[in-house]
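Okay, so here's the structure we're looking at.
What follows is calculated from the coordinates using simple rules that are stated; it is not laboratory data. Just so you know, these numbers come straight off a predicted model, no measurement behind them. As a convention, Cβ positions derive from the backbone with ideal geometry for all residues, glycine included, and neighbour counts pool all protein chains shown.
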Amino acid sequence: MTSEAKFRYVLRLADTSLVLGQRLGEWVGHAPALEEDLALANIALDLIGQARLFLSYAGEIEGRGRDEDALAYLRDAPEFCNASLAEQPNGDFGRTIVRQFLLDAWQLEVYEALAGSSDARLAGIAAKAVKETRYHVRFSAGWLVRLGDGTAESHARVEQALDALWRFTDELLTPDALDEEMAAAGIGPSLPALRARWEERVGAVLAEATLKQPAMSRYPWYGKRGVHTEHLGHMLAEMQHLPRTFPGVTW
Amino acid sequence: MVNERVWRVLESVMDPEIPVLSVLDLGVVRYVRSDEGGLRVGITPTYSGCPATEVIQRSIHEALAREELGNVTVETVLSPPWTSEWLTEEGRRKLETFGIAAPTARAASNMACPRCGSHEVKRLSEFGSTPCKAHYRCSDCLEPFDVFKCI
């Protein structure tokens, strides 16, 4: 395995957390209630913390002197390797919860598997992150059930969000050559095995939320290979504008 | 012994968010070692994104620099991950006195309101003002309070 392959794989983990964390950060001061505002901000903080650990490691693997900040702030959209689902806009609170639950359930499976990785550094980060992710998934699953099994209005909104976002989940669960290479090396999880566990967990929560699982469209989204929806560029423009406008700026 | 002096200094380095807890009470100091490169102190973060971790590392560095113990390196240790079990008995007592319920792995019924001692408490949110705290309310005295999360 080349270090380039491992670098790109660690970036996938890093960028999905970073982009999702940034999206949740957009809620700060706007959530429907103070408790939810704090919860989303706390989850964002955990995700950005995980991203920092992964990005620092990616920078070391690459060996070209790029630190976490250089990787977060000075790459353009095609160099980001996050799953397409993470970059989808927040929409209303219900849509944010749907996106969050689908990704929390996925990250939980990924980190549980990654905690046994043959790569000690990744295993360490994952063992830490899995404890945080258990809190995240309890929050998003709890809200998904309340909204899905709530009023006609809340049910309709999360149902619509689920229909709109479900198409992006196939990317999380279908391995490409890099995922397969990492699984074969004992570094990353086997995605086909992970898919079964993810579908079981997600299926149970959707049933409790009285939501129908949409049919899977097989249109291949490849955020993890740098092919993004238009939304990521806009998000990065806001996220990166300060360090790009004032290079080397510090507090 | 230099190492004993270091541990004594660490007793006085407080968590910036919960200022009654020292870094030793919190259980984040993994080791103190000295070798030809100087002193090395291993710190484990409580949560991946906790901003207090960086402040703690800086505070430890500054506190040890004041003692003039030579070159000091503060290192991050990720594995094994920190758990709220590492909070010392002393730390748990200080938390309660400060008005934050100590973490309990058992059901919330064993949790007591830090103000009136009632066990009639209700969880408002698993997330609070810092990553390590959840938000509860006492059904008897009606006061909200923080609970140190079990992780």
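Computed values, structure above
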{"item": "Selection from the range A:211-248 of residues that are exposed (fewer than 10 other Cβ atoms within 10 Å of the Cβ) and not aromatic (Phe, Trp, Tyr)", "result": "A:Ala215, A:Arg218, A:Glu230, A:Thr245, A:Pro247, A:Gly248"}
{"item": "Odd one out for A:Gly116, checked against (1) outside any helix (DSSP H, G or I); (2) more than 14 Å from chain B (Cβ to nearest Cβ); (3) free of Cβ contacts under 8 Å to residues at least 12 places away in the same chain", "result": "(2)"}
{"item": "Number of the exception - A:Ser17 against (1) touching a Cys at 6+ places or on another chain (Cβ under 7 Å); (2) within 14 Å of chain B (Cβ to nearest Cβ)", "result": "(1)"}
{"item": "Failed criterion for B:Ser59 (all others in (1) surrounded by 15 or more Cβ atoms within 10 Å (Cβ to Cβ); (2) without any contact (Cβ under 8 Å) to a residue 24 or more places away in the chain hold)", "result": "(2)"}
{"item": "Counted residues, the range A:75-128 - those being of a type in the set (Lys, Arg), closer than 23 Å to A:Glu238 by Cα and surrounded by 24 or more Cβ atoms within 10 Å (Cβ to Cβ)", "result": "1"}
{"item": "All positions within the range A:131-145 that are touching a residue at least 12 places away in the same chain (Cβ under 8 Å) and either more than 8 Å from chain B (Cβ to nearest Cβ) or closer than 11 Å to A:Ile97 by Cα (or both)", "result": "A:Thr133, A:Arg134, A:His136, A:Val137, A:Phe139, A:Ser140, A:Ala141, A:Trp143, A:Leu144, A:Val145"}
{"item": "Number of the condition not met by B:Tyr136 [criteria: (1) buried (at least 21 other Cβ atoms within 10 Å of the Cβ); (2) within 11 Å of another protein chain (Cβ to nearest Cβ)]", "result": "(2)"}
{"item": "Positions within the range A:26-55 being surrounded by 19 or more Cβ atoms within 10 Å (Cβ to Cβ) and more than 9 Å from chain B (Cβ to nearest Cβ), in sequence order", "result": "A:Trp27, A:Phe54, A:Leu55"}
{"item": "Entirely in the range A:129-219, the helices (runs of 4 or more DSSP H) that have 1 or more residues that are charged (D, E, K, R) and within 26 Å of A:Ala113 (Cβ to Cβ)", "result": "A:169-173, A:177-184, A:191-208"}
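Table: residues versus (1) free of Cβ contacts under 8 Å to residues at least 12 places away in the same chain; (2) in a helix (DSSP H, G or I).
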site: B:Glu54; (1), (2): yes, yes
site: B:Glu90; (1), (2): no, yes
site: B:Lys94; (1), (2): no, yes
site: B:Cys113; (1), (2): no, no
